[in-house]
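Peer 1: One structure, as structure tokens, below. Some questions next.
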Amino acid sequence: MSRYIVLYEAPTTVAERFAQATSEEASKGLKLWAAWADRIGSALVDMGKPLGNAMTVTETGVVKRDSNIIGMSILQANTMDEALEMVRDHHHLYWAENCEIVVLEEVPIPEIE
């Protein structure tokens with residue numbers, strides 16, 4: 001079984017809208033997350049949390065940067081296709097225009113496993 005990192009991308013306007021959500025709107029969003037987690041079951045290793053305050057580190061220093069990555073989750077699956085199927089109809093895709101999901105497979109390093 002492999003682990004897959006799921007990155008939720010959205011325009012900054014969506015993140016701003018979420019930050020100003022009413023308690024009713026937030027509750028509705030949490031119900032969608034809970035329904036997805038129930039459907040995925042034990043394949044959901046870590047539901048994750050919203051992400052923010054992006055910084056870039058280079059050899060010359062650290063700078064604040066804009067990022068469309070607003071959250072992450074970790075899944076486990078036998079194949080990338082199986083992981084993709086878990087997020088193919090994820091509610092994040094329907095929150096606003098230009099919402100996307102990126103799925104990355106953790107690649108094993110044989111020398112340290």
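Peer 1: Counting other beta carbons within 10 Å of each Cβ, put Asp66, Asp38, Asp46 in order, fewest first.
Peer 2: By the 10 Å Cβ count, ascending, the order reads Asp66, Asp38, Asp46.
Peer 1: For the chain, what does -39500 (n - 2.57) per DSSP helix run (n ≥ 4), summed and divided by total residues, give at 222 nm, in deg cm²/dmol to the nearest 500?
Peer 2: Only helices count here, giving -9000 deg cm²/dmol.
Peer 1: Under 1.5 on a/c is rounded, so check that first for segment 56-113, then, if it is not, pick prolate when a/b is larger than b/c and oblate when it is not; a ≥ b ≥ c are the square roots of the alpha carbon gyration tensor eigenvalues.
Peer 2: Because a/c hits 1.5 or more and a/b fails to exceed b/c, segment 56-113 counts as oblate.
Peer 1: Apply the Karplus curve 6.51 cos²θ - 1.76 cosθ + 1.60, θ = phi - 60°, to the phi angles in segment 42-49 and return the couplings in whole Hz, x for Gly and Pro.
Peer 2: Per-residue couplings from phi come out as 5, 5, 8, 6, 8, 5, x, 8 Hz.
Peer 1: While we're here: For labels at Asp38 and Arg3 in the simple 7 Å Cα→Cβ model, what's the distance in nm?
Peer 2: Modelled inter-label distance: 2.8 nm.
Peer 1: Here's another thing I want to ask about it. Taking θ as phi - 60°, what are the ³J(HN,Hα) couplings along segment 58-68 by the Karplus curve (6.51, -1.76, 1.60), each to the nearest whole Hz, with x for Gly and Pro?
Peer 2: Per residue, the Karplus-derived 3J(HN,Hα) values read 10, 5, 9, x, 10, 9, 6, 9, 7, 8, 8 Hz.
Peer 1: Using a Gaussian network model of the chain with C-alpha springs under 10 Å, which one of Val14, Val87, Val63 is most mobile by mean-square fluctuation?
Peer 2: Highest fluctuation among the options: Val63.
Peer 1: Beyond 17 Å, what percent of the Cα pairs of the chain remain?
Peer 2: Of the Cα pairs, 61 percent sit more than 17 Å apart.
FYI, it's all coordinate maths here, none of it is from the lab. Only a predicted model underlies this, so the values are computations on that prediction, with no experimental measurement involved. Glycine gets a Cβ as well: all are built from the backbone with ideal geometry, and neighbour counts include every protein chain shown.
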